[in-house]
Amino acid sequence: MKNTFIKTIVVAIVLLGQTALTAQDIYPGKATKVEKDISAEFPFESKYISIGSENIHYVESGAGDPVFMLHGLPANLYVWRNIIPNIDNDKKVIALDFLGFGKSSFPADSITSVEVQYKMFTDFVAAKKLKNITLYVQDIGSIVGMLYAIREPQNVKGIVLFEAPFMPAEVMYDQLPFSFRAFMRITRTKKGNVKWMVKRNFAGKKLAVNFFTGRKLPKEAYPFYNDPWDEERRRYAIINGPDPAVLSYTKGKGKSEFASILDGISKGMAETDIPILYMYAKKGLVNQKAAVEYAMDNFNNAEFVFLGKGKHFLSEAHPKQMSEEFNKWFKTL
């Protein structure tokens, strides 16, 4: 009896040790601070392409296999400005503004759903005749990018993810920070969404930008993030697209269009063998600890990079490191 008890204690200690080791491996060492001297300059020539009735704003740099950069909410392609020049040496890097964001046109019907943005993206790819694409994506950009990787895997060389909703709806909701879940509750109704995003222009405030970047930006950067929201009508681009706030009704357990999208993406990403580079921070926003653990448990062909401290727009915190890690990974494809 005594030996059995001792063996039980030893096994428990070993299991606890393994759990602690796993947790430690997720955030190894001391979290690197935000990089210094991050440039606010936007050294690119704006280009436009007409797709149907819409006019899409994009930038293009370098030559070689295409790397497509798709931004998140509530940003625009400006978020990539310090990544593009550091990875375009042997690649054609393209970053675009989603419909209603940045300098791209806003649809006449005001609809900016996932499928609307997805069709715009696939039409852009077809118009530019892009083959063997590597996707570098975040947030809503990652939803579109992951859908493309799942639906058109023959044209995807690899996919880079950060702050991306690749997990089932219930996992997604449960791991979000309290502040985010609280904000979801007050914006989950049409009235609440209009109040905060349209009338109060939440996305157009310096406070909101600094919240997503996790640092105070230089004054030169704010116009690039804030000015696109000066026109009240365009603010509907945020609330007429994918709406994670609906998850708060049932804590991710119920059925909604957004939950169905997440569940489909999580299934497809767990099945794909497309090479994945997943970069994450402590503590992130959309991707906190449980999201990282989910990725490590479910991605088949992935490399994982812990960047250090960061929030949602990680390219505003670790652009140099993200560029270096991407270039190393890209050579292995």
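The values are calculated or read from the model by the stated rules, or taken from the named source; none is laboratory data. Note that this is a predicted model, so its numbers are computed, not measured. Ideal geometry is used to build each Cβ from the backbone, glycine not excepted, and the neighbour counts take in all protein chains shown.
Considering region 17-115, the qualifying strands (runs of 3 or more DSSP E), each wholly inside and each with 3 or more residues that are surrounded by fewer than 22 Cβ atoms within 10 Å (Cβ to Cβ), run over 47-51, 54-61. When you go through Lys283, Lys253 one by one, which is the residue that is farther than 27 Å from Gln117 by Cα, among the basic types (Lys, Arg) and either at pLDDT below 95 or surrounded by fewer than 19 Cβ atoms within 10 Å (Cβ to Cβ) (or both)? Exactly one of Lys283, Lys253 is farther than 27 Å from Gln117 by Cα, among the basic types (Lys, Arg) and either at pLDDT below 95 or surrounded by fewer than 19 Cβ atoms within 10 Å (Cβ to Cβ) (or both), namely Lys283. Checked against the criteria, Thr134 does not count as under 30 Å from Gly254 (Cβ atoms), outside any helix (DSSP H, G or I) and either of a type outside the set (Gly, Ala, Ser) or in contact with a helix residue (DSSP H, G or I) (Cβ under 8 Å, 6 or more places away or on another chain) (or both).
Name the residue that is nearest to Val171 (Cα to Cα), counting only residues in region 244-255 that are part of a helix (DSSP H, G or I) and more than 19 Å from the chain's Cα centre (by Cα). Checking each candidate, the answer is Ser248. Tell me, please, whether a residue that is modelled with pLDDT under 95 and assigned to a loop (DSSP other than H, G, I, E, B) can be found in region 256-264. Among the residues of region 256-264, at least one is modelled with pLDDT under 95 and assigned to a loop (DSSP other than H, G, I, E, B), which makes the answer yes. Take region 88-111 and flag every residue that is farther than 13 Å from Leu135 by Cβ, of a type outside the set (Asp, Glu) and within 17 Å of the chain's Cα centre (by Cα). Result: Phe98, Leu99, Phe101, Gly102. Checking region 16-31 against the condition returns a match, with at least one residue being more than 26 Å from Gly310 (Cα to Cα), aliphatic (A, V, I, L, M) and modelled with pLDDT under 90. Region 183-243 holds helices (runs of 4 or more DSSP H) entirely within its bounds, and those carrying 1 or more residues that are among the small types (Gly, Ala, Ser) and out of contact with any Lys or Arg (no Cβ under 7 Å at 6 or more places or on another chain) map to 190-193, 206-213, 236-239.
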